[in-house]
Amino acid sequence: MHIIKKILNEIDDVLLSDYDINLQGSEFDSLILPITDDCGKLDPDIYARSLDQSKAIITRILEVHGKAEIVKFLRELALIEPDIQELQPRVRDHVVHAIYTFLVGAYIIKKVNMPQNVEMQYCYPFIWKLCGPVHDIGYTIEISRYIENPFLNDLNAILMEMDSTSPKVLPPAFPKQLAMLCNGRDANQLIQNRLNEWALGIDIEDYYHWLTRENLTDHGVIGALAELKFIDALYQSHNPTRAEVDIVEADLNYNEKTFMEDIVSAASAIFIHNINPDYDGFSRKIDFQIAPMAFMLFMCDTFQEWDRYTKKEDEVYSGDLFDIVCSRDRVSLSVPDEVEDKIITALKRRLSGLSIKVNGRKAVS
């Protein structure tokens, strides 16, 4: 059975009660149909339907809280990603991936004992709505580097061969303006404070310097700052004094306490979900008991390896080859043998605090 079919069968009631999503039959079918034919070639019609349905579902998830505008980033990604894949075949789908990641997380939240010692204005599903479906919205910026990097790398290589003293050409690691929030607040500082609370030992400025030295862009950073900037502006327009009181308009609450606790937590989870494993400044693991949403996002993002279309030669794995079983205090994943070591290594490097097994092997304690 396709893993998403299993998940949808088991959380259909939760999707409606906790996420305000009532899947129609056509939407259900589009999420479980393989995007490739028996020869492993992409079926463009099925892929296109999956993209459209994924965007539509994510829009409905976010519009309940007045934040459907965020989906514009995913629309742009869906438009440019196929063309970029023609130039860079290793680029993988990130739009259908977003809804699959969200559904896996919704399933785990239902099945696992989530920590209760974390203060939040809302329940876990609220935060998951703001990081699960949109964690890759910054990929449009990173993906552009696939075109820019070869040019700059060639130029720098020529300068090195010439033993030139001309400075290396390095693009900005991230657009600094994204971090500028209303009232002079700095998104970097808000996220840094949350990462400190999560005891991760990450210094954001050091990571930015590392990205610049390595000539890299991190779409997690871009996505986190973009989401925070958008929602901050939304809260400012409805709660200009940023008061920690309930300010309800059109059934939406703009209490500043919600922004500082839940919204910043969602953005912080997005910020760290893609940090390059070669960066040694991320040396402490994400503890499920301290930072459950950041833990969830990394786990679900790492696990979601089925139907990840790319034009490279590697196999596109069917959802029938994956499974997930959860008890109240553990998660067991089943994956193809070819990706087992890759997934175990990633989970072991970053996570702690909740038992995870992959094909019966312990990955996280």
Checklist outcome for this item: With x for Gly and Pro, the residue-by-residue ³J(HN,Hα) of region 4-18, computed from phi through the Karplus equation 6.51 cos²θ - 1.76 cosθ + 1.60 at θ = phi - 60° and given in whole Hz, is 6, 4, 4, 4, 5, 4, 8, 10, 4, 5, 5, 4, 6, 6, 9
Checklist entry - In nm, what is the difference between 0.36 nm times the number of residues separating K5 and D20 and their Cα-Cα distance? => result 3.5 nm
Checklist entry - Say R0 is 51 Å: what FRET efficiency, to the nearest 0.05, do D38 and E63 get from their beta-carbon distance? => result 0.85
Checklist entry - What is the diffusion coefficient of region 274-365 in µm²/s, taking the Kirkwood radius over Cα pairs and the Stokes-Einstein relation at 4 °C with a viscosity of 1.567 mPa s? => result 93
Item to check | Restricting region 263-365 to trypsin sites (Lys or Arg not before Pro) in coil, as DSSP defines it, with at most 16 other Cβ within 10 Å | outcome: R284, R308, K311, K312, R328
Next on the checklist: A 32 angstrom limit on the alpha carbon distance is what I want to check against. Which of K110/K285; K129/K285; K6/K257; K110/K176 exceed it?
Outcome noted: K6/K257; K110/K176
Next on the checklist: Just want the ordering: T212, T101, from fewest to most Cβ atoms lying within 10 Å of their own Cβ.
Outcome noted: T212, T101
Next on the checklist: If each residue of separation counts as 0.36 nm, what is the full-extension length gain between S283 and D329 once their alpha-carbon separation is subtracted?
Outcome noted: 14.1 nm
Checklist outcome for this item: 1/(1 + (r/R0)^6) with r = Cβ-Cβ of D12 and R185, R0 = 56 Å, i.e. FRET efficiency to nearest 0.05, evaluates to 0.90
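Only the coordinates and a few stated rules stand behind these numbers; no lab work does. These figures come from a predicted structure and were not determined experimentally. Cβ atoms come from the backbone with ideal geometry, glycine included; neighbour counts cover every protein chain shown.
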